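To keep things clear, I will list the structure first and then write my remarks on it.
All of the numbers you see were taken from the coordinates with simple rules; none came from a lab. Since the structure is predicted, the reported quantities are computational estimates derived from the model, not experimental observations. Counting neighbours? That spans all protein chains shown, and the Cβs are built from the backbone with ideal geometry, glycine included.
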Amino acid sequence: MHDPRDVHALKIARAEFARHLLDISRCDMQCRAGILTVRGMLSRMGGHPEVDPHREAECLKNALRQRPDFRDVVIDCAYVS
């Protein structure tokens, strides 16, 4: 059974990735015990050439770590421009 707090944190993370114009469609994203793990291929959303996926992901990782919903954030992705 999934912890409702982890389900809520995962929804927050998905929304934040979209807000930062990062395409996570080729990523596996899990949250367990407050630890968010993102693995796969991360790219910018189409039509936004100004977005640097690596830089945005680092900023987002730091921002999510500040939220009480997350104990840690691990982004282990290949970045596709």
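Annotation note: Cβ proximity below 6 Å between a residue of region 5-18 that is of a type in the set (Val, Ile, Thr) and a residue that is surrounded by 12 or more Cβ atoms within 10 Å (Cβ to Cβ) and not in a helix (DSSP H, G or I) (sequence gap 6+ or interchain) occurs for Ile12/Asp69. Residues of region 57-81 that are among the hydrophobic types (A, V, I, L, M, F, W, C), outside any loop (DSSP other than H, G, I, E, B) and under 14 Å from Gly34 (Cβ atoms): Leu64, Val73, Val74.
Taken together, the residues in region 25-63 that are surrounded by 12 or more Cβ atoms within 10 Å (Cβ to Cβ) and within 19 Å of His2 (Cβ to Cβ) amount to 11.
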